[in-house]
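Take a look at the structure set out below.
Laboratory data are not the source of any read-out in this text; all were calculated from the coordinates shown. Quick caveat, the model's predicted, so the values are computed rather than measured. With ideal geometry, Cβ positions are generated from the backbone for all residues, glycine too; neighbour counts draw on all protein chains shown.
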Amino acid sequence: MKIPAEPKVILRSCRDYDPERIRTIIREGLEELGLRPFGRTLVKPNLVAAGPLFPYAYTRPEFGEGVLRALRDVGGSAMTELAAGERCGITVPTRVAMRESGWDAMLKKVDVKRYCFEEEQQVEIPISHPNRLRDYLFTPEPIARADFFVNCPKFKAHPWTTVTFSLKAYIGIQDDRHRLIDHDHKLNEKIADLQHIIQPSFIAIDAITAGEGRMLTPTPFPLGMIIMGNSQVAFDAVCCNIIGVDPNSVDHIRLAAEHGFGTTDLSKIKITGDVSLDEAKARAKGFKVGLIRVEKYFEGTNITAYAGPPPESEAGDYCWGGCPGAIEEAIEILRVFDKETDKKLPRMHVVFGKYDGAINAGPGEKVIFIGDCADWKGTLHDKPIEIKNLYKDRSTLDPHTATSQDIFAKLASAKSKLASDVIRLEGCPVSVAEQVLALVGVAPGVKNPYLDRSNMLTFTRAYLGWKARVTLNKLQRKRYQQNGTFQHRGQAAPELA
Ligand code: SF4
């Protein structure tokens, strides 16, 4: 993978989601960068969550339409396949996100193939750079085989990693079971390691309506821009500068630069387009990022949060990539689903990591210890309580044998776990979905989005389609392995999972 010696970032003004206007801008961007799509051309939008509850969380289909049409304009017959693929937020089938976002209808209209990454064969990619978390990573076959990869993220804040631009969107190039491994206080390192799987030939971010403050339920911020580039680190560095954030203060950007994926030094990045960097900064004035510790996040609500450091064997005083951030997203999902959530939630306490202080729980107030690394000893409701650290060293986790978490199994088990006043939720991390279920489980008045009748039919149908496809993959896997027919950009046949 080649990282351009002289990266370029193009800033273009675009106030509306007009697919034809977007197509023209993208086509001009490809031409300015001297890029011609070829072979298997794959577009990855950010569809982490979609539909009416999450209107500003995802790359809009009008944007995708403009990008896909422009790729076809420029690539023409040099492309052997034009496709779009994504893995949305875990536990929800990507089929749902594709449908709810409008991407399904758009892809049908422009006659482009769809990949739901969790339904594809997962390919083992060896990595060997210094300080890696693992010796190999798994990624879906369409990513491993892409010749011309196009990253189409959404311009957003993120409560765990400050921003989610191009680099961070790589969390969507893994299926659930592989995505959750190292999705904890090592999240920034994981994102940097994922860069070794593939680099995009072209990046185009939907910054027409950006999302500030949060990741799943951001506040709309009319930035009116399309930003394009040919180097992922340089691209994210410019996006950071636009919102007044030092890119080197964002760990995954700094780490990706250290891994050799480009520069954050603006003096080495050529910035062009019809919007100057100063004008872009003026447009983004006041844009809020989302990095906020959980204790502060819940101040003034019925939830009191306590956070100690992650396990001693690991560095850092707070788990930015895991359970504490997940509960912030969980509560925001409930707030958009049920406007009365804050009023309906009873007084409760949530505890993360090795917390040493007192927990002032009144009679009947639930205390929820969240995550394997929760570790606390003291008195609650006049009884001595000891919560033991269950954290398993990450070297004991094997991506070959990792299993995905089934949402229906979670639904079934959530209720029984939540009956007592002192609750322990195990996992590393405990996902957003599980924390949503925990919160609705202890607050019976709050509406459960997983039991919403209007969503259930679509959800169940998509879920069954996903599972049927995965079963079929298992049957095909043996054939792949026996024949050794799979090639990852010229390497020997890697292992499928
Ligand atoms: S259990 Fe949760 S808080 Fe603890 S290290 Fe894992 S992800 Fe972080």
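Neighbour counts of other Cβ atoms within 10 Å put 36, 15 in the fewest-to-most order 15, 36. Summarising the strand pairing of the chain, around 45 percent of its internal DSSP beta bridges are antiparallel.
What percent antiparallel are the DSSP beta bridges of region 8-283, to the nearest 5?
Numbers: 22 of 44 bridges.
So the antiparallel bridges in region 8-283 amount to around 50 percent.
Projecting the Cα positions of 325, 180, 250 onto the charge dipole of the chain (unit charges on Cβ atoms of Lys, Arg, Asp and Glu, taken about the Cα centre) puts 180 furthest along the positive direction. Taking every Cα-Cα distance in the chain and sorting them into 10 Å bins from zero, the calculated P(r) comes out as 4, 20, 30, 27, 14, 4, 1, 0 percent.
For region 1-138, the convex hull spanned by the alpha carbon atoms encloses 156 Å³ per residue.
Each peptide in 232-244, 339-351, 373-385 gets a packing score, the mean of other Cβ atoms within 10 Å over its residues, and the list from highest to lowest is 232-244, 339-351, 373-385. Note on region 28-106: Cα-only Rg and Dmax are 13.7, 40 Å. When each of 149, 38, 165 is scored by the number of other beta-carbon atoms lying within 10 Å, the sequence from fewest to most is 38, 149, 165. One Cα centroid belongs to region 144-163, the other to region 211-227; the line between them spans 14 Å.
Our note on the geometry: Cα centres of region 380-395 and region 43-84, 45 Å apart.
Each of 298, 369, 155 has some number of other Cβ atoms within 10 Å of its Cβ, and from fewest to most they run 298, 369, 155. Modelled spin labels at residue 461 and residue 390, positioned 7 Å past Cα toward Cβ, are 3.7 nm from each other. Normalised by residue number, the volume inside the convex hull of the Cα atoms of region 208-321 is 128 Å³ per residue. Measuring against 18 Å, Cα to Cα, the residue pairs 44/113; 186/467; 366/417; 44/156; 156/288 contain 186/467 as the ones spanning a longer distance.
With θ taken as phi - 60° and the Karplus curve 6.51 cos²θ - 1.76 cosθ + 1.60 applied, the whole-hertz 3J(HN,Hα) list for region 129-137 is 6, x, 6, 6, 6, 9, 8, 7, 9 Hz, x standing for glycine and proline. For region 294-450, dividing the convex hull volume of the Cα atoms by the residue count gives 116 Å³ per residue.
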